[in-house]
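The values are calculated or read from the model by the stated rules, or taken from the named source; none is laboratory data. The model shown is predicted, which means the values in this text are computed figures rather than measured ones. Every residue, glycine among them, receives a Cβ derived from its backbone with ideal geometry; neighbour counts consider all protein chains shown. In case anyone asks, the SASA skips ligands and DNA or RNA and just uses the protein heavy atoms, side chains included. Shrake-Rupley method; radii C 1.70, N 1.55, O 1.52, S 1.80 Å.
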Amino acid sequence: MRCPFCQHTDSRVLESRSAEAGQSVRRRRECLLCNRRFTTYERIEYVPIAVIKRDGSRESFDRSKLLRGIVRACEKTGVESGQIENLVDEIEAQLQQQRSRREVTSNDIGELVLSQLQAVSEVAYIRFASVYRQFQGIRDFVDTLKDLQNQSDRQGSDRSPTPENDNSPGESPDDPEQLTLNDATQDSPPVSSLAQA
């Protein structure tokens, strides 16, 4: 690593630490000739990704542009900057993992953003969708809200407990002793009333 002050090529590493949410390593170095200190960053070299826009033109994937769009959608929603950075990191990682594709459409990126935002903030989801999907009126908002509500309802029903999950391993729900125990539990007073007595 060349010293930025004297251009000497030999230096020693004084300290190394993780930076940018684990995406890079920050190293503090000291030049062996002039003894001045400087900082370097070691990052993964990503293969460039071309984004195909709606009009058919192509441009290089720009992380900062994606970050700006998500920050605008998340304004005044209580979403912390660290969460937004992690969200962008996740989207960029997903794009890089698609090694067979060196080109992605802006539509693909938009859908990735929406899938991430849905779990973070529904308000940010609607804001981003209104720009990305180019809402023309109130009907577009209503349709998107209905879709969001339906997805939320489906996820809620998927999480509802089933009788099988309430039993310990190896116990059958048809076990008479187990049924008697459950009936007795239902007839017993709640814990709060016992505490008050």
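Restricting attention to segment 131-151, the residues that are touching an Asp or Glu at 6+ places or on another chain (Cβ under 8 Å) and open to solvent by 30 Å² or more (accessible area, probe 1.4 Å) add up to 1. Could you pull out the residue among E111, E85 that is in contact with a Phe, Trp or Tyr (Cβ under 9 Å, 6 or more places away or on another chain) and open to solvent by 50 Å² or more (accessible area, probe 1.4 Å)? Of the residues listed, the single one that is in contact with a Phe, Trp or Tyr (Cβ under 9 Å, 6 or more places away or on another chain) and open to solvent by 50 Å² or more (accessible area, probe 1.4 Å) is E111. Any residue in segment 89-96 that is touching a helix residue (DSSP H, G or I) at 6+ places or on another chain (Cβ under 7 Å), surrounded by 16 or more Cβ atoms within 10 Å (Cβ to Cβ) and at negative phi? Among the residues of segment 89-96, at least one is touching a helix residue (DSSP H, G or I) at 6+ places or on another chain (Cβ under 7 Å), surrounded by 16 or more Cβ atoms within 10 Å (Cβ to Cβ) and at negative phi, which makes the answer yes. Residues that are under 22 Å from the mean Cα position of the chain (by Cα), touching a residue at least 12 places away in the same chain (Cβ under 8 Å) and assigned to a strand (DSSP E or B) within segment 18-49 comprise A19, S24, V25, R43, listed in sequence order.
Against the condition acidic (D, E), under 26 Å from S60 (Cβ atoms) and open to solvent by 50 Å² or more (accessible area, probe 1.4 Å), how does E122 come out, does it pass?
Here the answer is no, as E122 does not meet what is asked.
The set of residues from segment 62-80 being open to solvent by less than 60 Å² (accessible area, probe 1.4 Å), closer than 16 Å to Y132 by Cβ and touching a residue at least 24 places away in the same chain (Cβ under 8 Å) comprises L66, G69, I70, A73, C74. The residues on offer are D89, D108, and the sole one that is closer than 16 Å to D62 by Cβ and touching a residue at least 60 places away in the same chain (Cβ under 8 Å) is D89. Hey, does segment 1-17 have a residue that's within 21 Å of the chain's Cα centre (by Cα) and in a strand (DSSP E or B)? No, segment 1-17 contains no residue that is within 21 Å of the chain's Cα centre (by Cα) and in a strand (DSSP E or B). If you go through segment 95-117 and keep only what is of a type in the set (S, T, N, Q) and at pLDDT below 85, you end up with Q96, Q97, Q98, S100. Might you let me know whether segment 37-54 holds any residue that is in contact with a Leu (Cβ under 8 Å, 6 or more places away or on another chain) and open to solvent by 80 Å² or more (accessible area, probe 1.4 Å)? Yes, because at least one residue in segment 37-54 is in contact with a Leu (Cβ under 8 Å, 6 or more places away or on another chain) and open to solvent by 80 Å² or more (accessible area, probe 1.4 Å).
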